[in-house]
Amino acid sequence: MKNILKTFAIMTLVGNCLYSQVVEVDEVVKLAINNNLQIKIVEDDIKINNDKKGQTLALYKPKLKLSGGYIHFNETPDIVQVANSLIKLNNGVDLIASGLASMNPAFSTAASQLNQTEYKDDGLNYSSVKLSFEQPLYTGGKITAVNKQVDISIDISELEKKKSISDITFETKKAYYNVVLAKRTLNTVNEIYKDVEKHLSEANSYYKAGIVSELDVMRAKAKLSEVKQKIVQAENAVEISKAYLNFVIGKDLPKDFEPNETIIPTNLNESYEDIENKALENRIELKIYEKKSELAKENKKVISSQKKPVVAIQGEYKYEGTDLTEEDPQWQIGIVGSWNIYTGGSTSSQLDEASSTIGKVQNGIELAKSSIKIDVKKAYLDMVNSVESIKVAEQTLTQATEANRMASVSYSTGYGSSMEKMDAEAFLEQAKNTYDNVINQYIVAKYNLEKATGMYY
């Protein structure tokens, strides 16, 4: 019987190839992955984190800043007006104001005492050009920890992308084989229709010959009407399953799309223990939790750095005055540092919070392991049960096929009744539907087990 079913599946596939476009499940999965918005969002996160990496790496490097400005007063100004005007300038120019005040005591005095003494001159020019730099020497490990945090965030984003791909792969395959099941059901109903139609034709002939009563004809007609209604329902189920598949992949497949209906069930070749160990090794959820644990530990290091001194080297090289061509450069260099000796308990509180977060993530890891074991156990048992159910369904289908054949022969030769024939047809229809359902259960169980063990990563 199994060989007959395989042959039938291959013939169906060949027939579909001649009149429609057969699309393999892997092709559909690729379409789903390429069109999935969640995957695109995760890819954006990866790009954002890579951009952040460039920002954090810059913390290791010296900072150079070039500033300068020029001010001209075309009239004899009020000394306070001069100081206030200089101060209002932004960025580098406001540095000129402060530099001017420090170099000219008269400016500083006038600004503080609101001296209205006028500065008698035809005008005033003042320029400044300054190059400053700063290089961190020691930050208590903060820069290193921040860079590691970004690296870990990138790893998490990559893992989340893999998980999204796994999820969409599973959902796509499940939707694909829902189409397969719907089409199998439609094919089964069409075959039953042909059988009942033949039965009705024979009943009409026998009725005209006076062999059977009109009741046989009426029963056959009623059965045919029933099967017609089932065909309509089955056709609708095919369209609905195709529409859902289009929804999952985010793109409409060709209207003449046909799935590859070739399905060959296989027994499990691995023990439950091996499958469980594989799941604990491969599942993305665990890897994400482990990365989050690393992230939490690095965050604690960042907070701990607040209790340590910060040391940097600073310097500047500048020209400033009323005529830069006549001014000598000024430069300075030195080491600066700071140390938060006491923060009112804020840092300690943050450290406690960070430690609690680490503990929370560790508990999440243990919970994830338990959840994964349950997933694997259920998927494994469903797989085992589906394989055994297929064996029983195959035997039943063989018996139903033979019973229908014998009933057809008996009715055709006038030895069997119409009721016997209709019972055999109903038995065969039920057996075919049961077989299709257990095949679908096998497929779902198979993909559930693959997902549970991290096969889609």
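Just so it is clear, none of the values below were taken in a lab; they were calculated from the coordinates. Keep in mind it's a predicted model, so treat the numbers as computed, not measured. With ideal geometry, Cβ positions are generated from the backbone for all residues, glycine too; neighbour counts draw on all protein chains shown.
The table for this structure:
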item	result
Mean projected area in nm² (Cα convex hull; one quarter of hull surface) for segment 154-303	15.7 nm²
Gained length - LYS194 relative to GLN306, 0.36 nm times residue gap less alpha-carbon distance	32.1 nm
FRET efficiency for THR343 and ASN246, using Cβ-Cβ distance with R0 set to 56 Å, rounded to 0.05	0.45
Extension reserve of the TYR70-ILE365 stretch, reckoned as 0.36 nm per residue once the Cα distance is removed	100.0 nm
Extension gain (nm, one decimal) between LEU381 and LEU224, 0.36 nm per residue minus Cα-Cα	52.5 nm
Per-residue ³J(HN,Hα) for segment 188-197, Karplus 6.51 cos²θ - 1.76 cosθ + 1.60, θ = phi - 60°, Hz, x for Gly and Pro	4, 5, 5, 5, 5, 4, 4, 5, 5, 4
Segment 407-457: C-alpha pair distances exceeding 19 Å, %	54 percent
Summed side-chain charge close to ASP45 - residues other than ASP45 whose Cβ falls under 11 Å, Lys, Arg +1, Asp, Glu -1	-1
Reference-scaled alpha-carbon Rg (2.2 N^0.38 Å with N residues) for segment 299-440	2.89
Nearest-20 debye value, segment 393-457 charge dipole, Cβ charges on Lys, Arg, Asp, Glu	200 debye
Approximate spin-label separation ASP51-ASP352, in nm, with each point projected 7 Å along Cα-to-Cβ	3.8 nm
Zone residues, segment 330-361, relative to LEU137, backbone N less than 14 Å from point 7 Å out along Cα-to-Cβ	333-339
Phi-based couplings in Hz for segment 54-63 (Karplus 6.51, -1.76, 1.60; Gly and Pro marked x)	x, 5, 6, 5, 5, 5, 6, 9, x, 9
Burial order of peptide ranges 181-192, 388-399 (average beta-carbon count within 10 Å, highest first)	181-192, 388-399
Rounded FRET efficiency, nearest 0.05, which uses the C-beta distance separating GLN314 from GLU27 and R0 of 51 Å	0.25
Cα-based equivalent ellipsoid of segment 182-236: semi-axis lengths in Å, sorted from largest, via gyration tensor	27, 10, 5
